[in-house]
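Report on one structure; see the data block that follows.
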Amino acid sequence: MSRLLAAELLKLRTTRTFLVFVLVALGLSLLVCILIATLPDSPTAQDATDAAVTDVSSPFILLLGVIATTGEWRHRTIAGTVLAAPDRVRLVLAKAFAYAMAGITLSLIVSACTYVVATVILSARGAPAPDLGEVLDLLWRSLILAAYFGALGAGIGAIVRNQAAAIVIVLVLSFVVEPTLIALAEDVGKFAPMFGAPSGVLSGIGGETDDALSLGVSLLVMAGWVAAACGAAIALLKTRDLT
């Protein structure tokens, strides 16, 4: 398993896809961070914290897993991959773990950069510094979501072999199907994979409560979605023609 994981991580390091996603996610996060830190005339402590923890990398992490996994089929490397690693259960799990780790790495890079930039801007303006406790609280939650979306994206990509179709499916689920479900049946929508269950990880911050799932239930539901995606991918990979 460790060799498979190392091989998947090597693929990430030696392709431009991961670098491109890091740069895009970082650029967008920094843009939002700078706007939050500079637009208010008198930034509050909450503005400072919001600027410091700006991390919009989750959708990019999800797409990274989808694109990288479907790339095996698009570039016809899947046969060689399976030949080198015939245990398809371990192969799918290695991909899920690899992109979970990639998601954590991407989120860490974004979080570190936005914290530094926000702190510098706010200090220059004489504004309150970000609350370190709140920043750290949001950081570990963001890393959990990053790992989740990386693994989920890898599972979805292994199920839907066509790259374009997989991307369209993820976008439609995220921005059409799931918001509609949440609007029409909120009690059901809170268990959905893209926004529903993940929102529970961010619930209760600062003592605030909302209608999202509790943290523990949210983590269980998210683990279930990843397990379902990887399980379906394993079952399909065992029966598919790889040529």
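Values quoted throughout were computed directly from the atomic coordinates according to the rules given, and no laboratory measurement underlies them. Just so you know, these numbers come straight off a predicted model, no measurement behind them. For neighbour counting, all protein chains shown are included, and Cβ atoms are generated from backbone atoms with ideal geometry for every residue, glycine included.
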Next item on the list: Note the angle between two axes, namely the Cα long axis of helix 215-239 and the longest principal axis of the Cα atoms of the chain, as a number of degrees from 0 to 90, rounded to the nearest 10.
Entry: 20 degrees
Margin query: Between 0 and 90 degrees, rounded to the nearest ten: what's the tilt of helix 132-159 against the longest Cα principal axis of the chain?
Written below: 20 degrees
Next item on the list: Take the alpha carbon atoms of the stretch 42-67, find their center, do the same for the stretch 157-235, and report the distance between the two centers in whole angstrom.
Entry: 18 Å
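Only helical DSSP H runs with n ≥ 4 go in: add -39500 (n - 2.57) per run for the chain, normalise by residue count and round the 222 nm mean residue ellipticity to 500 deg cm²/dmol.
The helix-only estimate for the chain comes to -24500 deg cm²/dmol at 222 nm.
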Check: Tally Lys/Arg at +1 and Asp/Glu at -1 over every other residue whose Cβ is under 12 Å from the Cβ of E8; what's the total?
Finding: +4
Check: Can you list the lysines whose alpha carbon is less than 24 Å from that of K238, not counting same-chain residues fewer than 8 positions off?
Finding: K11, K95
Check: Semi-axes of the stretch 2-239's equivalent ellipsoid from the Cα gyration tensor, sqrt of 5 times each eigenvalue, largest first, rounded to whole Å?
Finding: 34, 21, 15
Note to self: Between helix 163-172 and the chain, what is the angle of the helix's C-alpha long axis to the longest principal axis, kept within 0 to 90° and rounded to the nearest 10?
What the structure shows: 40 degrees
